[in-house]
């Protein structure tokens, strides 16, 4: 799936939280209705079979409860995408990545091979299952990790055993650490800890630009990888550093395993450029011909320290952006018609959902984690926080149907975006006011709920996510927010429908009244 990711280390975020966030975007020509759910241990499969690859995996019998953002229509599988388990470990899976021919040749993808012939007849060749992929990752990994590091280790072991049929990037976080993991070919992988003082931008392109193999095969303080990665690199001549293998020059995975294609310069690198341009506007020149980095640069850093602390609103802004303030904005007036359609926007029409997962170190374990949710195209939607330590989620976000209806949050957002896009300037103010209002009462609701729990729940009861009373209180807070959200989303739909209807091409200024 085409997606965009930003990761924010705890010393770079506004409140000391670790923050992982990713737009889940559907493929061109597709839309995937999404839900926000809780998966209880009794609902977690013990024998898993992938819809796409048909791989079958026996899962442990002790899963943790977790949230997820799965497909509402399961014809292609679950696609859990993003969630938090009851150990307060978060996972975002996956960011589709690019690779090169050398990697694919050395370690081919594990793709399903269809059966040939008719079973029982001469010449019949049975099906060969493929590996694991985005459809599967969250379901087979998140319920079994008690730390972010354990999440990397579990998924790494699964990749080495079953292989994968695609290149993917996966984020894991807990209250202390964020790890970013990238698959390399069919069975290999690397993972790097996000520096606490930095943020990371990922736009559908293999991103890690420096990797310490000695650490990965030693203490694993900040790096991990598949067991035979060093041999894999050496045997297939993948290290492209001028000094060569064995030198003190760190491995550049982006050169070794990634791509630098013309398509990247249209589809991927402009997104990293814009996100870093926003978060580090004064560190360097971004816009002139002498700029160190431009939208088509291959060397935009994977991680960098922001000029100021990064907020939830900053995360939403960059993941909603369409190159505002530049000649590349499809809704803007700068540049030309050609420049305004040069690059793939971050906030795109086929956005499915955005999950921003915040692990707050200053709150007790029982209500530490928030999963901020948006559905639909980000320039036209809002981002609101929901507690994850609950037994059920509000129906407004849970009961997404295949049928288009404004009775649920997903379809309401899709309809608003489709209406507003045609007359963006006329609808922009109403959408901005809606985003600010809903975001404000999202923050207010969290502040009020945190305070009420601190005043009414014993410290001992707040040290575990198993407390039924706390879960009920968090469910009530989530439901209150969902009720407010529904009322304001309906009001925005009414306003956008009116504005766009008045601008229809078959309108006429004379009235028969």
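The values are calculated or read from the model by the stated rules, or taken from the named source; none is laboratory data. In this text, all values refer to a predicted model and were calculated from it rather than measured experimentally. Note that we place each Cβ from the backbone using ideal geometry, even for glycine, and neighbour counts take in every protein chain shown.
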Report yes if some residue within segment 27-34 is under 22 Å from residue 393 (Cβ atoms), in a loop (DSSP other than H, G, I, E, B) and out of contact with any helix residue (DSSP H, G or I) (no Cβ under 8 Å at 6 or more places or on another chain); otherwise report no.
-> yes
If we ask which residues in segment 260-282 are at pLDDT below 95 and in a loop (DSSP other than H, G, I, E, B), their number turns out to be 2
| task | With the condition kept exactly as written, say whether any residue in segment 409-427 is surrounded by fewer than 22 Cβ atoms within 10 Å (Cβ to Cβ), without any contact (Cβ under 8 Å) to a residue 40 or more places away in the chain and assigned to a loop (DSSP other than H, G, I, E, B). | result | no
Residue 267: passes all of (1) without any contact (Cβ under 8 Å) to a residue 60 or more places away in the chain; (2) over 27 Å from residue 151 (Cα atoms); (3) surrounded by fewer than 19 Cβ atoms within 10 Å (Cβ to Cβ) but (1)
Check: Is one or more of the residues making up segment 195-214 within 23 Å of residue 45 (Cβ to Cβ), surrounded by 17 or more Cβ atoms within 10 Å (Cβ to Cβ) and over 22 Å from the mean Cα position of the chain (by Cα)?
Finding: no
Taking residue 214, is it farther than 25 Å from residue 10 by Cα, assigned to a loop (DSSP other than H, G, I, E, B) and free of Cβ contacts under 8 Å to residues at least 40 places away in the same chain? no
Restricting attention to segment 496-504, does a residue exist that is farther than 21 Å from residue 361 by Cα and assigned to a loop (DSSP other than H, G, I, E, B)? yes
Of the residues in segment 455-471 that are touching a residue at least 24 places away in the same chain (Cβ under 8 Å) and outside any loop (DSSP other than H, G, I, E, B), the one that is surrounded by the fewest Cβ atoms within 10 Å (Cβ to Cβ) is 459
Those residues of segment 98-108 which are over 21 Å from the mean Cα position of the chain (by Cα) and either closer than 13 Å to residue 186 by Cβ or surrounded by 11 or more Cβ atoms within 10 Å (Cβ to Cβ) (or both) amount to 100, 102, 103, 104, 105, 106, 107, 108
Residue hits (segment 84-101; touching a strand residue (DSSP E or B) at 6+ places or on another chain (Cβ under 8 Å) and in a loop (DSSP other than H, G, I, E, B)) are 86, 88, 89, 97, 99
Inset, instruction - Determine whether segment 2-17 contains at least one residue that is part of a loop (DSSP other than H, G, I, E, B), within 21 Å of the chain's Cα centre (by Cα), modelled with pLDDT under 95 and under 18 Å from residue 398 (Cα atoms). - result: no
Exactly one of 297, 320 is touching a residue at least 24 places away in the same chain (Cβ under 8 Å) and more than 26 Å from residue 444 (Cβ to Cβ), and that residue is 297
Selection over segment 373-388 where residues are in a strand (DSSP E or B) and in contact with a helix residue (DSSP H, G or I) (Cβ under 6 Å, 6 or more places away or on another chain) yields a count of 5
When (1) over 29 Å from residue 471 (Cα atoms); (2) touching a strand residue (DSSP E or B) at 6+ places or on another chain (Cβ under 9 Å) are applied to residue 28, the one that fails is (2)
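A quick yes/no check of all residues on (1) closer than 16 Å to residue 353 by Cα; (2) crowded, with 23+ Cβ neighbours inside 10 Å; (3) free of Cβ contacts under 8 Å to residues at least 60 places away in the same chain:
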residue: 26; (1), (2), (3): yes, no, no
residue: 63; (1), (2), (3): no, no, no
residue: 70; (1), (2), (3): yes, yes, yes
residue: 96; (1), (2), (3): yes, no, no
residue: 110; (1), (2), (3): no, yes, no
residue: 113; (1), (2), (3): no, no, yes
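For (1) outside any loop (DSSP other than H, G, I, E, B); (2) at positive phi; (3) touching a strand residue (DSSP E or B) at 6+ places or on another chain (Cβ under 7 Å); (4) surrounded by fewer than 24 Cβ atoms within 10 Å (Cβ to Cβ), each residue gets a yes or a no:
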site: 313; (1), (2), (3), (4): yes, no, no, yes
site: 324; (1), (2), (3), (4): no, no, no, yes
site: 328; (1), (2), (3), (4): no, no, no, yes
site: 333; (1), (2), (3), (4): no, no, no, yes
site: 343; (1), (2), (3), (4): no, no, no, no
site: 358; (1), (2), (3), (4): yes, no, yes, no
site: 371; (1), (2), (3), (4): yes, no, yes, yes
site: 390; (1), (2), (3), (4): no, no, yes, yes
The condition from (1) modelled with pLDDT of 95 or more; (2) surrounded by 15 or more Cβ atoms within 10 Å (Cβ to Cβ); (3) within 29 Å of residue 128 (Cβ to Cβ); (4) in contact with a helix residue (DSSP H, G or I) (Cβ under 8 Å, 6 or more places away or on another chain) that residue 89 misses is numbered (3)
